[in-house]
């Protein structure tokens with residue numbers, strides 16, 4: 001009788017430890033998941049800020065009647081497409097991130113072409129509004145780069161945690177799945193130098 005009580009006590013103690021470990025691990029994973037989602041919102045905020053600058057940039061450039069129409073249309077179309085793509089922050093899978101990244105990459109490329117063409121318009125380059133937008137755009141590109149790296153770091157920490165034992169057991173039980181990174185291309189960890197496109 002005494003031995004069975006001891007065994008029962010040990011079993012109950014182990015179950016309590018197991019349960020507490022599960023609760024603690026789940027709470028930790030929830031915190032990391034929330035951090036990833038919050039960091040994703042910061043990424044979106046910076047891309048939205050860039051998107052909000054584009055209409056002003058287009059409006060200034062449109063005042064120069066001989067500016068390449070196709071270049072302007074490319075920027076407008078890329079922005080419109082990018083703003084239509086939204087991602088559920090609780091489902092940051094590889095396909096969604098890639099689609100978002102491709103759309104934002106198209107915006108970057110079209111902006112790059114517009115800024116390169118602006119080199120042919122000295123009066124445009126000297127325009128006070130244009131110069132102000134240059135400064136804002138440069139700052140936004142820096143913030144985008146910073147927030148993307150912070151997002152990737154948060155995802156790396158989360159993904160590593162759900163793969164470690166015994167957290168991987170609880171992660172599987174509670175439905176914590178790996179999240180996708182932004183794909184880092186060469187030079188993607190540094191913001192583009194907008195000043196090279198806007199030589200004063």
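A few remarks follow.
- Restricting the first member to the range 117-141 and to residues that are at positive phi and at pLDDT 85 or above, and the second to residues that are part of a helix (DSSP H, G or I) and loosely packed, with under 14 Cβ neighbours inside 10 Å, no beta-carbon pair is closer than 8 Å while six or more apart or on different chains.
- Residue 110 within 25 Å of the chain's Cα centre (by Cα), buried (at least 17 other Cβ atoms within 10 Å of the Cβ) and in contact (Cβ under 8 Å) with a residue 24 or more places away in the chain: yes
- Across the range 150-174, the qualifying residues are those that are under 23 Å from the mean Cα position of the chain (by Cα) and surrounded by fewer than 17 Cβ atoms within 10 Å (Cβ to Cβ), and the one among them that is nearest to residue 40 (Cα to Cα) is 150.
- Residue that is crowded, with 16+ Cβ neighbours inside 10 Å and either modelled with pLDDT under 90 or under 19 Å from the mean Cα position of the chain (by Cα) (or both), where the choices are 84, 46, 62: 46
The values are calculated or read from the model by the stated rules, or taken from the named source; none is laboratory data. Note that this is a predicted model, so its numbers are computed, not measured. No Cβ is skipped: glycine too gets one built from the backbone with ideal geometry, and neighbour counts run over all protein chains shown.
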